[in-house]
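One structure is given below, encoded as structure tokens.
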């Protein structure tokens, strides 16, 4: 019997909040693979919020911003 490869992948739990939109706040919680690329995360986020890729947004990590 051969060795079994460890295929477990780290998962991030994220909370996406739409700032200044409404009361009560609009937010979604989702799980994504830790190695998800930003372009794929963009697609996941669009589907999660129900957007059709026409809303402006920015990704930030605290020191850098990624967006238009």
(message) Going by average Cβ density within 10 Å per residue, which order do the peptides 23-30, 41-48 take, highest to lowest?
(response) 41-48, 23-30
(request) Can you put 38, 68 in order of Cβ neighbours within 10 angstrom, beginning with the fewest? (result) 68, 38
(request) With everything on Cα atoms, drop me the angle between helix 38-49 and the longest principal axis of the chain, reported from 0 to 90° to the nearest 10. (result) 60 degrees
(request) Tell me which label goes with the value of volume of the Cα convex hull per residue in Å³ computed from the coordinates here: (i) 122; (ii) 138; (iii) 107. (result) (ii)
(request) Quote to one decimal, in nm, the extra length available between residue 63 and residue 9 on full extension: 0.36 nm per residue of separation minus the C-alpha distance between them. (result) 16.8 nm
(message) Could you work out the percent of alpha carbon pairs in region 16-55 separated by over 15 Å, rounded to a whole number?
(response) 46 percent
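Any read-out appearing in this document is the output of simple, stated calculations on the displayed coordinates, not a laboratory observation. The model shown is predicted, which means the values in this text are computed figures rather than measured ones. Counting neighbours? That spans all protein chains shown, and the Cβs are built from the backbone with ideal geometry, glycine included.
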